[in-house]
1. From the list L75, L48, which residue is part of a helix (DSSP H, G or I), over 12 Å from the mean Cα position of the chain (by Cα) and of a type in the set (A, V, I, L, M)?
2. Taking the range 1-18 as the region of interest, how many residues are open to solvent by 40 Å² or more (accessible area, probe 1.4 Å) and in a helix (DSSP H, G or I)?
3. Six or more apart or on different chains, Cβ atoms under 8 Å: show the pairs whose first residue is in the range 69-92 and of a type in the set (D, E, K, R) and whose second is in a helix (DSSP H, G or I).
4. So how many residues does the range 102-126 have that are of a type in the set (S, T, Y) and open to solvent by 30 Å² or more (accessible area, probe 1.4 Å)?
5. Which condition from (1) surrounded by 15 or more Cβ atoms within 10 Å (Cβ to Cβ); (2) farther than 19 Å from A146 by Cβ is the one that V69 breaks?
Amino acid sequence: MHIVSASLYAVLGAFQFSAGIRRRHPGWHRAAGRLLVLSGLAVALSALWLNQFHARPGSGELLYLFRLVFASAMLASIVVGFTAIRRRDVTRHRTWMIRAYAIALAAGTQAFTLGIGATVFGTGELSTALLSGAGWALNLTVAEWAIRKNRAPRSHTRRYAQHS
């Protein structure tokens, strides 16, 4: 369930960020979004279940904690994003869905952080946990940059008026 849901979420989710698709095919965006909410919830919930009941021996408490935190954060991000769009708050919806997607794609980033990190730092419980955490942190950093980059710039006079 985790792998199938994550694959669907990763591939179909990428199309949700296309402004052209959203504009020209809003019905498709909504339908795909509903499917993505379900698959994203399945990814996050199965990740929590796998972490709780099938943690690999030797993965350590820190990695267990990271997995718990990030799966919970993905779950919360999807719920907040879904409730935002139900209230027609598109900006908040987009922000939280970007965060959920960034968390979900961290497994791909971790292939690099773990691969490069193992070469530089070696392998071990602590380095594996920290390098896995680096994958999530890197993805969320890029997501936050993208969120802030796409916000409308505030005018100088507006900024000045707010500070006086």
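1. Numbers: L75 fails: over 12 Å from the mean Cα position of the chain (by Cα).
From the options L75, L48, the qualifying one is L48.
2. Matching residues across the range 1-18 total 8.
3. R92/V80; R92/G81; R92/A84
4. Narrowing the range 102-126 to residues of a type in the set (S, T, Y): 109, 113, 119, 123.
With open to solvent by 30 Å² or more (accessible area, probe 1.4 Å) added as a condition, the list becomes 119, 123.
Matching residues across the range 102-126 total 2.
5. (1)
The values are calculated or read from the model by the stated rules, or taken from the named source; none is laboratory data. None of these values were measured; they are calculated from a predicted model. We place every Cβ from the backbone using ideal geometry, glycine too, and count neighbours over all the protein chains shown. These accessible areas exclude ligands, DNA and RNA; they are computed on the full protein's heavy atoms, side chains included. Shrake-Rupley method; radii C 1.70, N 1.55, O 1.52, S 1.80 Å.
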